[in-house]
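Notes to accompany the following structure.
The values are calculated or read from the model by the stated rules, or taken from the named source; none is laboratory data. Note that the structure is a prediction, hence the values are computed from the model and not measured. A quick note on method: Cβ atoms are made from the backbone with ideal geometry, for glycine too, and the neighbour counts reach across all protein chains shown.
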Amino acid sequence: MSSESADVRAALTANDAFYTAFRTGDASAMDACWSKSEPVLCTHPGWLPIHGRQEVMQSWRQILANGPPSIRWSDGRVAIVRGVAFVSCTEWLMDATLVATNVFVWEEASWKLVHHHASPLSQDMNPEGPTRDPLH
């Protein structure tokens with residue numbers, strides 16, 4: 001097992017923890033997914049970018065207060081560049097398919113989110129078709 005594959009698996013595990021917190025509506029678990037020492041940024045679908053940990057966490061509390069969504073993720077692809085893990089994936093909601101990028105930094109012996117951006121997938125795109133890692 002190479003260190004890179006262990007890092008990739010750890011990034012996918014962190015990505016899964018984020019979506020588990022989202023799916024279960026667990027605000028404390030969501031908070032634990034995000035960096036406490038680095039600047040953070042989040043862009044929810046249809047929202048303007050949100051800067052700063054306090055503002056990002058407030059946005060998640062607001063979203064989770066509406067009840068946990070039926071969300072799952074797939075097609076996770078990881079690129080690790082200079083100690084930063086970029087995870088691209090597909091988000092599956094009840095009534096929408098989105099594409100997302102989650103960016104993680106290594107903090108406190110695990111990957112922590114510093115950026116999440118999700119956007120609706122165009123209706124004419126085939127979400128079941130082949131995926132391509134946008135970083136390569």
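Take the conditions among the hydroxyl-bearing types (Ser, Thr, Tyr), under 18 Å from TRP106 (Cα atoms) and either buried (at least 18 other Cβ atoms within 10 Å of the Cβ) or touching a helix residue (DSSP H, G or I) at 6+ places or on another chain (Cβ under 8 Å) (or both) and apply them to SER35. Does it pass?
yes
Can you tell me which of HIS115, HIS51 is over 29 Å from ALA6 (Cα atoms) and either in contact with a strand residue (DSSP E or B) (Cβ under 7 Å, 6 or more places away or on another chain) or at pLDDT below 95 (or both)?
HIS51
Name the single residue that is modelled with the lowest pLDDT among those in region 1-48 being of a type in the set (S, T, N, Q) and under 22 Å from VAL81 (Cβ atoms). Talk me through it step by step, then tell me what you get.
Of all residues in region 1-48, those of a type in the set (S, T, N, Q) come to 2-3, 5, 13, 15, 20, 24, 28, 35, 37, 43.
Remaining after also requiring under 22 Å from VAL81 (Cβ atoms): 2-3, 5, 13, 15, 35, 37, 43.
Details: SER2: 47, SER3: 60, SER5: 90, THR13: 97, ASN15: 98, SER35: 98, SER37: 97, THR43: 98.
Within region 1-48, the match that is modelled with the lowest pLDDT is SER2.
On the given criteria, is ALA10 in contact (Cβ under 8 Å) with a residue 24 or more places away in the chain, touching a helix residue (DSSP H, G or I) at 6+ places or on another chain (Cβ under 7 Å) and over 27 Å from SER122 (Cα atoms)?
Criteria not met by ALA10.
Quick one: count up the residues across region 30-50 that are among the β-branched types (Val, Ile, Thr) and closer than 14 Å to ILE63 by Cβ.
Residues meeting the conditions: 2.
Given the structure, is ALA65 loosely packed, with under 12 Cβ neighbours inside 10 Å and out of contact with any Leu (no Cβ under 7 Å at 6 or more places or on another chain)?
Against the criterion (loosely packed, with under 12 Cβ neighbours inside 10 Å and out of contact with any Leu (no Cβ under 7 Å at 6 or more places or on another chain)), ALA65 qualifies.
Hey, among THR43, THR20, which residue is closer than 10 Å to HIS116 by Cβ, surrounded by 12 or more Cβ atoms within 10 Å (Cβ to Cβ) and among the hydroxyl-bearing types (Ser, Thr, Tyr)?
After ruling out the rest, the residue left standing is THR43.
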